[in-house]
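The values are calculated or read from the model by the stated rules, or taken from the named source; none is laboratory data. This is a predicted model, so every value here is computed, not measured. Quick reminder, even Gly has a Cβ in these numbers, built from the backbone with ideal geometry, and neighbours come from all protein chains shown. For accessibility, only protein heavy atoms count, side chains too; no ligands or nucleic acids. Shrake-Rupley method; radii C 1.70, N 1.55, O 1.52, S 1.80 Å.
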Amino acid sequence: AMRLAALLAALRPVLPLVLGLSLGCSLSLLRASWSQGGAEEQCLGAAGRAGPLGGGARPEAADGRPGPGHEDFRPRIVPYYRDPNKPYKKVLRTRYIQTELGFHERLFVAVLTSKATLNTLAVAVNKTVAHHFPRLLYFTGLRSAKVPHGMVLVAHGDERPIWLMYETMHYIHQHFGSDYDWFYIMQDDTYAQAEQVKALVTHLSINQDVYLGRAEEFIGGDEQARYCHGGFGYLISRSLLLKLHPHLDSCRNEILSVRPDEWLGRCIIDFLGITCVSQLQGQHYHTYELAKNTEPEKEEEEEFQAALAVHPVSDVTLMYRLHKHFSRIQLDRAYQEIQDLQMQIRNLTSLTPAGEAGLTWPVGINAPFLPKSRFEVISWDYFTEQHLFSCPDGSPKCELSGASKADVSEIIESALEQLNSRYQPLLRFSKRQLLNGYRRFDPTRGMEYTLDLLLEAVTQKGHSHVLAKRVSLVRPLSKVEIIPMPYVTEATRVQLVLPLTVQDLDFVANFLDMFAMNTLDTHDNALLTLLFIYHPYDAQRVSQVDVFAGVKAMVGELEKRYAEVKIPWISVKTEVPSQVKLMDIVSKKHPVDTLFFLASVWTEINMEFLNRCRMNTISNWQVFFPVHFQEFNPALVYRGEQAASSSTDFLRDGHFDRHSFAEACFYNSDYMTARTKLAADILDRDEVLESMEVFDVFLHYSGLHLFRAVEPGLVQKYALRSCNPRLSEELYHRCVLSNLEGLASRSHLAMALFEQEQANST
């Protein structure tokens, strides 16, 4: 008994652990037995087909593949097999991933017009709803019709209505049948609410054959069959169009009809067995038939307010009035939705941990940006009605003009409108003067304004009083719009152009070494052309002493090391090395499709930047002017200490030099076009070119996009640039500013001055 008591006393601390393990193992074994029993029953049911499959499973064939009439959307791995007996062919990838994945655009719109209405109703349709649809084409039977501005017209050459419908359906299938999911066909005497039509197709499934519109009975035909009235527009799915196309020729020869919409409806019914419907998948196609002498502003019927399409529109003025009326309806709906959402936000904010203190103004707009340090504080720009005190060129005061003036005027008008809507009819405000104005751009929410207004308030009894009032306004960021850009690749050859003067000789060796290491060794598709700029004095002595002999020897060594590489050079004699004049010489010696990269001797070429040069430069569309990163003077930054080499210090001890426009990427064809316009403007005044750079040529004489952005791939070591006083005052001033701002940061300059004063005092 003594031993048993001693044993129990020893096991008592571990007794809970042993009991827990035993209970856990028992429950695990019991659960395993249940799972095995359920699996056997499920397998028996699947093998014997004794009952229906649960959980939405699809019937499968004996080999495990989906049964007939069913699609399996589960991903499958398709093994790659290459026949060794067949020659290998390189797989050509599509330009866009959208094409490779088989994505389609959403909606295509076709408008049927005629000779009598092409320049009237068709133009009105184009001005009211065309910009809301992603793709819209006009179809007519005219031959060699004159196309109004801003419209894409397809002329079939036959004005017979049935023939026009036949040719239109055939054209749509041939050119757009594989690109779009939905096809909306309307007449030019139809007003369609574009946004409502686009919203309709987003709620319909593309897997069904859809023939949706205003269903009408055939005259003397079957009571069950319906066709879609063409005057109110109708929607056809891609699957229906693909099935209909093989039967169009038969329909043209066998079906007789006067109305083209009735002919199309009969064709779809006879060969596909599909009738027109006005309601599908819970979506209604609402229409409204206008009576004569209708006043859209006075129509208050619910059927009219909800209509997707209105017909018939008899004249252009009525089309514009309808567009104004329905735009006002949509705007009122949007404002009402905003108010409802703001009310919901207010109600829900009280339930959050922050409570009502977490409610931002305006309600529903992102809260203002909260800086984490003084370097992240967004500064306010001060302005009045006449002047701006934060100018783009750095001057302290400039005249308020252009877009800035329009912006200020609109904000003041909006402030008065909001004040009057809030206080009327008790008070009516009018502006006396803008005392102070402040604005700043917050990237998290938009443009913020603070206005100090001197107002005159007039009561209902006619008493007036002058008072100053501060108002705050926000112009929020709207929906982000993706700008379509032409297709470009990284395979384009880049032609580097390097102008060299005598002052640049000390830096050429480093440039050529970086070019060889980052382009020649990597076999990048890039070439180099050197431009030797001789002073007239050096040009006279070139037979005795060539100042660029050392550079030419370096080029010879590179050509020996890389046998397939040729580095040509061009010699130019001038006292004023104008960038435009030099580029004129280079441009004439290269094809028009050449992609130029105008470099400087301090540029360190690398593959990363060259690829961005290719991608950011688009022929006949965009030119690229990168802002390189300029390192500070190491003597001022480190003051004898060793420079840090860790990756975290990359791009730290320097700044992006916004005063330099020496680097540029552009196509020769774009430069030649802009240069031709410049020549016609300045005539024979070549001295004007000395005050211009390539950037100015594209800015003032081309309609291209000028992409000016910081480029971390272009890092230049510190060097004191030589500024040519023979250039224009603006270019010389810009060069001097670049040198001064490239010395060091303010903190480094302050430390250098402090140490100098300390040394002088001792």
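Descriptive notes on the structure:
- Against the criterion of being in a helix (DSSP H, G or I), outside the structural domain of Glu608 (by the TED database) and open to solvent by less than 90 Å² (accessible area, probe 1.4 Å), Glu690 does not qualify.
Results for (1) part of a loop (DSSP other than H, G, I, E, B); (2) closer than 20 Å to Asp521 by Cα; (3) under 36 Å from the mean Cα position of the chain (by Cα), shown as yes or no for each residue.
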| residue | (1), (2), (3) |
| --- | --- |
| Glu557 | no, yes, no |
| Lys566 | yes, yes, no |
| Ser571 | no, no, no |
| Lys581 | no, no, yes |
| Pro591 | yes, no, yes |
| Phe596 | no, no, yes |
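- Taking the criterion of being exposed (fewer than 15 other Cβ atoms within 10 Å of the Cβ) and of a type in the set (S, T, N, Q), the residues of the stretch 389-413 that qualify are Ser395, Ser401, Ser409.
- Within the stretch 111-135, the set of residues being surrounded by 18 or more Cβ atoms within 10 Å (Cβ to Cβ) and more than 19 Å from Val316 (Cα to Cα) comprises just one member, Phe133.
- Scanning the stretch 607-653 for residues that are part of a loop (DSSP other than H, G, I, E, B), in contact with a strand residue (DSSP E or B) (Cβ under 7 Å, 6 or more places away or on another chain) and either of a type in the set (Phe, Trp, Tyr) or at pLDDT below 90 (or both) turns up Trp621, Phe632, Leu651, Asp653.
- Thr275 satisfies every condition listed in (1) assigned to a helix (DSSP H, G or I); (2) in contact with a Lys or Arg (Cβ under 9 Å, 6 or more places away or on another chain); (3) touching a residue at least 60 places away in the same chain (Cβ under 8 Å) except (1).
- Of the numbered criteria (1) in contact (Cβ under 8 Å) with a residue 40 or more places away in the chain; (2) farther than 29 Å from Val458 by Cα; (3) open to solvent by less than 60 Å² (accessible area, probe 1.4 Å), the one Glu385 fails is (2).
- Residue under evaluation Asn606, criteria (1) surrounded by 17 or more Cβ atoms within 10 Å (Cβ to Cβ); (2) without any contact (Cβ under 8 Å) to a residue 24 or more places away in the chain, criterion not met: (2)
- Condition check for Leu505: under 22 Å from Ala662 (Cβ atoms), open to solvent by less than 20 Å² (accessible area, probe 1.4 Å), assigned by the TED database to the domain that holds Asp584 and of a type in the set (A, V, I, L, M, F, W, C): no
- Selected residue (only one of Arg708, Arg734 is modelled with pLDDT of 90 or more and within 25 Å of Asp393 (Cβ to Cβ)): Arg708
- A Cβ distance below 8 Å, combined with a sequence gap of six or more or placement on separate chains, defines the contacts here; from the stretch 417-438, residues that are of a type outside the set (Phe, Trp, Tyr) reach residues that are surrounded by fewer than 12 Cβ atoms within 10 Å (Cβ to Cβ) and modelled with pLDDT under 90 in the pairs Pro425/Gln460; Leu426/Gln460.
Results for (1) among the acidic types (Asp, Glu); (2) in a loop (DSSP other than H, G, I, E, B); (3) under 30 Å from Gln193 (Cα atoms), shown as yes or no for each residue.
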position	(1), (2), (3)
Leu331	no, no, yes
Ala334	no, no, yes
Gln339	no, no, yes
Met343	no, no, yes
Thr352	no, yes, no
Ala357	no, no, no
Pro362	no, yes, no
Asn366	no, yes, no
Pro371	no, yes, no
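- In the stretch 436-449, residue nearest to Lys469 (Cα to Cα) [restricted to those that are open to solvent by less than 20 Å² (accessible area, probe 1.4 Å) and part of a strand (DSSP E or B)]: Gly437
- For the stretch 246-264, the set of residues classified as part of a helix (DSSP H, G or I) and either open to solvent by 50 Å² or more (accessible area, probe 1.4 Å) or in contact with a Ser or Thr (Cβ under 8 Å, 6 or more places away or on another chain) (or both) consists of Pro246, His247, Asp249, Arg252, Asn253, Glu254, Trp263, listed by residue number.
- Qualifying residues in the stretch 233-245 (those that are in a helix (DSSP H, G or I) and open to solvent by less than 20 Å² (accessible area, probe 1.4 Å)) - the one farthest from Val109 (Cα to Cα): Leu244
- Scanning the stretch 708-743 for residues that are in a helix (DSSP H, G or I) and free of Cβ contacts under 8 Å to residues at least 60 places away in the same chain yields Glu729, Glu730, Leu731, Tyr732, His733, Val736, Asn739, Leu740.
- Any chance Arg561 is free of Cβ contacts under 8 Å to residues at least 24 places away in the same chain and either assigned by the TED database to the domain that holds Pro577 or at positive phi (or both): no
- Candidates Leu753, Leu749: the one that is in contact (Cβ under 8 Å) with a residue 60 or more places away in the chain, open to solvent by 30 Å² or more (accessible area, probe 1.4 Å) and at negative phi is Leu749.
- Scan of the stretch 453-466 for residues that are open to solvent by 20 Å² or more (accessible area, probe 1.4 Å) and in a strand (DSSP E or B), ordered by number: Leu454, Glu456, Val458, Thr459, Ser464, His465, Val466
- Residues in the stretch 654-680 that are in contact with a Phe, Trp or Tyr (Cβ under 8 Å, 6 or more places away or on another chain), open to solvent by 30 Å² or more (accessible area, probe 1.4 Å) and assigned to a helix (DSSP H, G or I): Arg675, Lys677.
- Set Leu731, Leu743, Leu699, Leu737: member being open to solvent by 70 Å² or more (accessible area, probe 1.4 Å) and in the same structural domain as Pro499 (by the TED database): Leu699
- Meets criteria (open to solvent by 80 Å² or more (accessible area, probe 1.4 Å) and in a strand (DSSP E or B)) for Gln433: yes
- Restricting the stretch 469-483 to residues that are among the aliphatic types (A, V, I, L, M) and surrounded by 10 or more Cβ atoms within 10 Å (Cβ to Cβ), the residue that is farthest from Glu410 (Cα to Cα) is Leu477.
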